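The values are calculated or read from the model by the stated rules, or taken from the named source; none is laboratory data. This one's a predicted model, so the numbers in the text were calculated from it and none came from an experiment. Here Cβ is always computed from backbone atoms with ideal geometry, including for glycine, and neighbour counts include all displayed protein chains. The protein model used for the area step is the full one, side chains on, heavy atoms only, and it has no ligands, DNA or RNA in it. Shrake-Rupley method; radii C 1.70, N 1.55, O 1.52, S 1.80 Å.
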Amino acid sequence: MPASSLETIVSLCKRRGLVFPSSSVYGGLGSTWDYGPLGVELKNNVKRAWWRAVVHERDDMEGLDAAILMNRLVWKYSGHEATFSDPMTDCRACKARPRADHVFAAQKGRDPKGLVEINAAIAAKDLACPKCGSKDLTEARPFNLMFRTSVGPVDTGDESGLVYLRPETAQGIFVNFGNVLDTMRRKLPFGIAQVGKAFRNEITPGNFTFRTREFEQMEIEYFVRPGEDEAAHEMWIAERKKWYLDLGMRADNLRVREQEKHELAHYAKRCVDLEYLFPMGWSELEGIANRTDFDLKAHSRSPENPDAVGELHYFDPEQKKHYVPYVIEPSAGADRATLAFLCDAYADSLVKEPPAADTAKLRELVESFARSVGRREGMDADVKQRLQAAAEAIAAGLPATLPTLIGLMDDADANKIEVMKKVRGVGEKIAEEHTRTVLHLHPRLAPLTVAVFPLKRNEPRLVELARGIKGDLQRAGLRAVYDDTGAIGKLYRRQDEIGTPWCITVDFQSLEDKTVTLRDRDSMQQERAPLGEIGPTLLARLR
Ligand code: GAP
């Protein structure tokens, strides 16, 4: 069963060292997350797989790592100072500050055409505060999403030291177009790829790592002759979709969506989103835009831009003329891609029936939870309805619905109900023994590639051989770990939960004939394999 809620993924990530709430010793900082020991491996693998596919495996791409802090003028001429903002309105009654375009879309059933239309609706008292229902809303104003800081030891207060934390990595690529072109002797078409942090003071961050204020982007700017842009756009849409599918993402969970005209950013002629079916619904994973010659022109010296030192153009040796290339931009989020791969890989299932008496006790508790939700005052009606419906369906379907109960036990709203403590007390123990949670991650993405166990940890010869195998695999280039902290069955389950594709068990036969048990995560098949073959076999499967 795939993850039915983000809570299930959040809980697994916290429990197994993938992602932790940031600064938790001080109560956290809303919507900021730290990648733990296994999470950093997973996210690094996502970024590595992207770099390999878009830089190393292509002949028409170069890499770049530009600074986060750039001259403020970059953001003036890119248009971000003037236009990178969300429209906000204030409710005079309850002091809430919702996004005015979201209020418009929710209440009118369509996106607004612009600030003017939003403000006309506010003035006509056509829009109501989503929190308290009052129609006493202020005129919507743009709220710039760029984080500001200042360079130099003294903040003069006159903005002379003002710099921004970059809200996209793309501009670092545009302003380096000439440097890369000249030093790498490139001809069109060619592209520049970059992975790096970006920062946006998002009004409504949320959904775990889906929307945060600090995140990482994996961006490509692919420069082409004007007129060849549309074909290049199609090429990149196909390439980027294939990348996710090649890394095991289920085709049913990935779709291509054409942005409508009014959704397009100020620089885009066309934009296509790759969307993933996250537990909260279809949402953007990556945008692939045709930015035309907007950015290179914007950063070139002209009457509109007297501050630029030169022109960012290209001399075409075949056409024997200078022109400004068009650019196709596949722009992905490393955190969003990591989250999508996690959601896609997650599966839990019932592996054996619990005793009937345990099931009956658990059913009683879940029914009691459903009744408590019904009686609860002050809880949002939607949340109440969702929890009650989930609990009733789980109670009716036990024990088959045990995996769904794991999701409910992780649900933050469900845990506001006192009875949930009792449900967890009984349910967690039964789930631990009778369900299996697996991350079916592509082996190239999995945080660990192979785990090696000795059948007995108090048998020095087994321990020595197992440690030696771990060292050999590590030296062969595989991410390998040694573990002897539990019975073999338990160790397999722990590795399944973090997505380790292979486990090796060293037993007494290994001492005799130099073979080990190689266990596959997905099929749970175990085969006897000669020691010398394991490294090459696993390396071949990783390719
Ligand atoms: N240079 C174009 C650009 O930045 P975007 O659609 O704003 O376009 C591209 O961002 C990608 O960056 C998104 O598809 C998403 O994967 C990621 N992204 C954007 N804002 C994000 C946020 N607040 N948190 C996490 N990822 C984000």
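Note on Arg48 and Arg528: the model spin-label points, each 7 Å out from Cα along the C-beta direction, lie 3.3 nm apart.
Taking a point 7 Å out from the Cα of Glu117 in the direction of its Cβ, the residues of the stretch 46-86 whose backbone N falls within less than 19 Å of it are 85-86.
So which lysines can Lys43 reach, going by Cα to Cα under 24 Å and dropping same-chain residues fewer than 8 places off? Lys43 reaches Lys14, Lys197, Lys241, Lys242, Lys470.
With all protein chains in place and a 1.4 Å probe, the accessible surface of the stretch 373-471 carries 49 percent carbon and sulfur.
Extending 7 Å from Cα along the Cβ direction at Glu432 and again at Ala238 yields two label points whose distance is 5.2 nm.
Treating each Cα of the stretch 69-223 as one equal point scatterer and applying the Debye formula with no solvent, the log10 of I(q)/I(0) at q = 0.13, 0.16 Å⁻¹ comes out as -0.79, -1.00.
Taking a sphere under 12 Å around the Cβ of Glu228 and counting the other residues whose Cβ falls inside, with K and R at +1 and D and E at -1, yields a net charge of -3. Using the 1.4 Å probe convention, the accessible area of the chain works out to 48 Å² per residue with neighbouring protein chains retained. Only helices enter this figure: runs of n ≥ 4 DSSP H residues, each worth -39500 (n - 2.57), summed and divided by the residues of the chain, yield -11500 deg cm²/dmol at 222 nm to the nearest 500. For the stretch 297-326 versus the stretch 53-108, the spacing of their alpha-carbon centroids is 25 Å.
Report, to one decimal in Å, the Kirkwood hydrodynamic radius for the stretch 185-340 based on all distinct Cα pairs. For the stretch 185-340, inverting the mean 1/r across all distinct Cα pairs yields 17.1 Å.
With r defined as the distance between the Cβ atoms of Glu263 and Asp34 and R0 fixed at 35 Å, what FRET efficiency is calculated, to the nearest 0.05? Efficiency for this residue pair is about 0.60. Overall, the accessible surface of the stretch 207-306 at a probe of 1.4 angstrom is composed of carbon and sulfur to the extent of 47 percent.
For the stretch 1-66, the carbon plus sulfur part of the accessible surface works out to 54%, probe radius 1.4 Å. So which GluC sites (Glu not before Pro) in the stretch 1-70 end up in coil per DSSP with only 14 or fewer other C-beta atoms within 10 Å? For GluC sites (Glu not before Pro) across the stretch 1-70 that sit outside H, G, I, E and B with at most 14 neighbouring Cβ atoms in 10 Å, the list reads Glu57. Less than 5 angstrom separates the built amide H of Glu286 from those of Leu274, all sequence-distant by 5 or more or on a different chain. Rounded to the nearest 0.05, what FRET efficiency do Lys197 and Leu511 give with R0 = 41 Å and r taken as the Cβ-Cβ distance? Could you check? Result of the calculation: an efficiency of 0.25. Here r is the Cβ-Cβ distance between Ser134 and Leu539 and R0 is 41 Å; the resulting FRET efficiency, rounded to 0.05, is 0.05. Amide hydrogen proximity for Val19: with H placed 1.01 Å from N in the peptide plane, the residues at 5 or more positions away or on another chain lying under 5 Å are Lys14, Gly36.
Protection proxy ranking of 237-249, 125-137, by the mean of other Cβ atoms within 10 Å over each peptide's residues and highest first, is 237-249, 125-137.
Label separation (Tyr323 vs Glu353): 7.2 nm, computed from points 7 Å beyond Cα along the C-beta direction. Within the stretch 436-543, antiparallel bridges make up roughly 55 percent of the DSSP beta bridges whose residues both belong there. The alpha carbon radius of gyration of the chain, expressed as a multiple of 2.2 N^0.38 Å, is 1.13. When the alpha-carbon atoms of the stretch 171-240 are used, the pair Rg, Dmax equals 15.5, 44 angstrom. The stretch between Ala396 and Arg185, if pulled fully straight at 0.36 nm per residue, gains 69.2 nm over its current Cα-Cα span. Accessible area per residue was computed with a 1.4 Å probe on protein heavy atoms; Ile498 scores about 10 Å².
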